[in-house]
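The values are calculated or read from the model by the stated rules, or taken from the named source; none is laboratory data. Worth saying up front: this structure is predicted, and the values here are computed from it rather than measured. We place every Cβ from the backbone using ideal geometry, glycine too, and count neighbours over all the protein chains shown.
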Amino acid sequence: MHLFCCTNALVVLEILHTISAVRSALKPLKATHKTIGLVPTMGALHEGHLELVKKSKLYSEFTVVTIFVNPIQFNNSEDLEKYPRQLEKDLEKLRAISVDFVFIPEISEIYPHPVGLTFQFGDLENLLEGSFRPGHFNGVAIIVSKLFHIIQPDSAFFGQKDLQQVAVIKRLVRDLSFDLEIKVVPTMREPDGLALSSRNLRLSSEGRKNAKVLFEVITECRDELLKGENWFQIREKAKLKLDATPSVKLEYLEMVLTDEFKPVDVLVPGESHSICIAAFVENIRLIDNINFSPENNIN
Ligand code: PAF
C-alpha cells in the first residue's frame, strides 16, 4: 500500500454543491489514475472526523469530505432538527488540514424524488442500534451507496465509534460489489474517555461530566470479563452504576463478536469482542464501544 505524506500548504479547498460539479472536478483525477479517499460526515466536525481526514490523506492522493445531514437516517425528528450545524467552522477546519474537496449538497440534490429503496441487512439491523433506531441503517446504506456512486473513491474512512454502521457498510460493499476499500479508524476520546461525537456539543456542563460514565462502564466490563467474571453479573453491576448517575438512561449494553457483530455472553477464544453501549444523557443519545480479544487486549 502506497502512503502519501504531509499536508500541502498550497491546497485550496474546492467547495462543491452539485453531483455534476463533483463529477467534473474528479474526472481529470480519475483519468490520470489518482487515488481518491472519501470521508462522509454530517458536519459539526471534531477531532474524530479530522483523524479520518488525516488517514484519508495518508492513503490517498486526493480527499473528498462530504457534509450532509442525511434526513432519512433519523428516526426521531427532534434529533434531526437539533443535530448541530456549523458549516463555517467546519470549512475552516477542513482548510486548516488542506482538504482538496468538500461536497455540501442540498437535500433536493441528493433526494430529488421520494426514496423508495429499501435495504435489508437481516440480523445486523435487528440488533442494538438497528432495533432502537428502526430504518436508521436503511437511511445510512442509501446515502453511503449514493456517495460511493457519485465519488467512486478508492477508499472510504469511517470511525470505529459507529461499529455497527461499519459492519453494515462492509456488508453493503461486499453485497453490491463496490470497488473500494473500507478503512476503520479508532475512536478519538476526550481526556476523561468520552468518545468524541458531534452530539456532545448539545450536553450541558453537568451532562458532559456525567457522560464519561459510558466509557468507564465499558472499560470496567472489559476488565472484569478478562478476569473471568460472568457477563450477566458484570452487566447488572454496570446497570446499577449507570442508574446511579444523574441524567443517564441506558438503552443497551451488549457484547458482540466484532467482525460478525453477533451477540455473545461468553468470551470466544481467538475472536475480537466489542462491548457496545447506547445511553441517553440529558435526552441526548450517545453510543460507544470498546474492542478487545481475550488473548490480547487490543484497545
Ligand atoms: O457516521 C455518520 O456521520 C453518518 O452516518 C454518515 C456515514 C456520514 C452517513 O450519513
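In segment 115-137, which residue that is more than 24 Å from residue 186 (Cα to Cα) and among the aliphatic types (A, V, I, L, M) is farthest from the ligand (Cβ to nearest atom)?
Result: 117.
Determine if segment 100-112 includes at least one residue that is in contact with an Asp or Glu (Cβ under 9 Å, 6 or more places away or on another chain), within 16 Å of the ligand (Cβ to nearest atom), touching a residue at least 24 places away in the same chain (Cβ under 8 Å) and not β-branched (Val, Ile, Thr).
yes
Tell me which residues, restricted to segment 64-99, are among the hydroxyl-bearing types (Ser, Thr, Tyr) and within 15 Å of the ligand (Cβ to nearest atom).
66, 83
In segment 244-299, what count of residues is obtained for those that are among the polar types (S, T, N, Q), part of a loop (DSSP other than H, G, I, E, B) and closer than 29 Å to residue 174 by Cα?
The total comes to 6.
Being among the hydroxyl-bearing types (Ser, Thr, Tyr) and either touching a strand residue (DSSP E or B) at 6+ places or on another chain (Cβ under 9 Å) or away from the ligand (no atom under 13 Å from the Cβ) (or both) is the filter here; which residues of segment 143-165 pass it? Let's see the steps before the verdict.
Initially, segment 143-165 is screened for residues among the hydroxyl-bearing types (Ser, Thr, Tyr), giving 145, 155.
The answer is 155, and nothing else.
Conditions: (1) buried (at least 21 other Cβ atoms within 10 Å of the Cβ); (2) farther than 21 Å from residue 47 by Cα. Residue 156 meets all but one. Number of the miss?
Failed condition: (2).
Pairs, please: C-beta under 8 Å, at least 6 apart or cross-chain, first residue near the ligand (Cβ under 9 Å from one of its atoms) and in segment 38-52, second outside any loop (DSSP other than H, G, I, E, B) and among the aromatic types (Phe, Trp, Tyr)?
Close Cβ pairs (under 8 Å, with a partner that is outside any loop (DSSP other than H, G, I, E, B) and among the aromatic types (Phe, Trp, Tyr)) amount to 39/157; 40/158.
Look at residue 274 and say whether it is polar (S, T, N, Q) and touching a Ser or Thr at 6+ places or on another chain (Cβ under 8 Å).
yes
Any chance you could count how many residues in segment 75-106 are of a type outside the set (Asp, Glu), part of a loop (DSSP other than H, G, I, E, B) and out of contact with any His (no Cβ under 9 Å at 6 or more places or on another chain)?
8
So if I check each of 290, 275, 218, 284, which one is in contact with a Cys (Cβ under 7 Å, 6 or more places away or on another chain) and modelled with pLDDT of 95 or more? Break it down into steps so the answer makes sense when it comes.
Details: 290 fails: in contact with a Cys (Cβ under 7 Å, 6 or more places away or on another chain); 218 fails: in contact with a Cys (Cβ under 7 Å, 6 or more places away or on another chain); 284 fails: in contact with a Cys (Cβ under 7 Å, 6 or more places away or on another chain).
It is 275.
When you go through 192, 175, 259 one by one, which is the residue that is touching a residue at least 12 places away in the same chain (Cβ under 8 Å) and within 30 Å of residue 152 (Cα to Cα)?
259
Between 185, 168, 140, which is touching a Gly at 6+ places or on another chain (Cβ under 6 Å) and either away from the ligand (no atom under 14 Å from the Cβ) or in contact (Cβ under 8 Å) with a residue 40 or more places away in the chain (or both)?
Values: 168 fails: touching a Gly at 6+ places or on another chain (Cβ under 6 Å); 140 fails: touching a Gly at 6+ places or on another chain (Cβ under 6 Å).
Only one candidate qualifies: 185.
Could you give me the residue pairs with C-beta distances under 9 Å whose first residue belongs to segment 223-242 and is closer than 17 Å to residue 289 by Cβ, whose second residue is assigned to a helix (DSSP H, G or I) and aromatic (Phe, Trp, Tyr) wherever it lies, and which are 6+ apart or on separate chains?
These pairs meet every condition: 224/231; 225/231.
Please specify each residue of segment 105-151 satisfying the condition of being surrounded by fewer than 17 Cβ atoms within 10 Å (Cβ to Cβ) and among the aliphatic types (A, V, I, L, M).
If the condition is that a residue be surrounded by fewer than 17 Cβ atoms within 10 Å (Cβ to Cβ) and among the aliphatic types (A, V, I, L, M), then 107, 115, 117 are the ones that fit.
Looking for something free of Cβ contacts under 8 Å to residues at least 24 places away in the same chain and acidic (Asp, Glu) - is there at least one such residue anywhere in segment 63-79?
Looking for residues that are free of Cβ contacts under 8 Å to residues at least 24 places away in the same chain and acidic (Asp, Glu), one finds at least one in segment 63-79, hence yes.
Only one of 241, 183 is outside any helix (DSSP H, G or I), among the basic types (Lys, Arg) and either surrounded by fewer than 14 Cβ atoms within 10 Å (Cβ to Cβ) or touching a helix residue (DSSP H, G or I) at 6+ places or on another chain (Cβ under 8 Å) (or both). Can you tell me which?
Testing whether each residue is outside any helix (DSSP H, G or I), among the basic types (Lys, Arg) and either surrounded by fewer than 14 Cβ atoms within 10 Å (Cβ to Cβ) or touching a helix residue (DSSP H, G or I) at 6+ places or on another chain (Cβ under 8 Å) (or both) leaves just 183.
When only residues in segment 188-215 that are within 16 Å of the ligand (Cβ to nearest atom) and of a type in the set (Ser, Thr, Tyr) count, which is surrounded by the most Cβ atoms within 10 Å (Cβ to Cβ)?
It comes out as 197.
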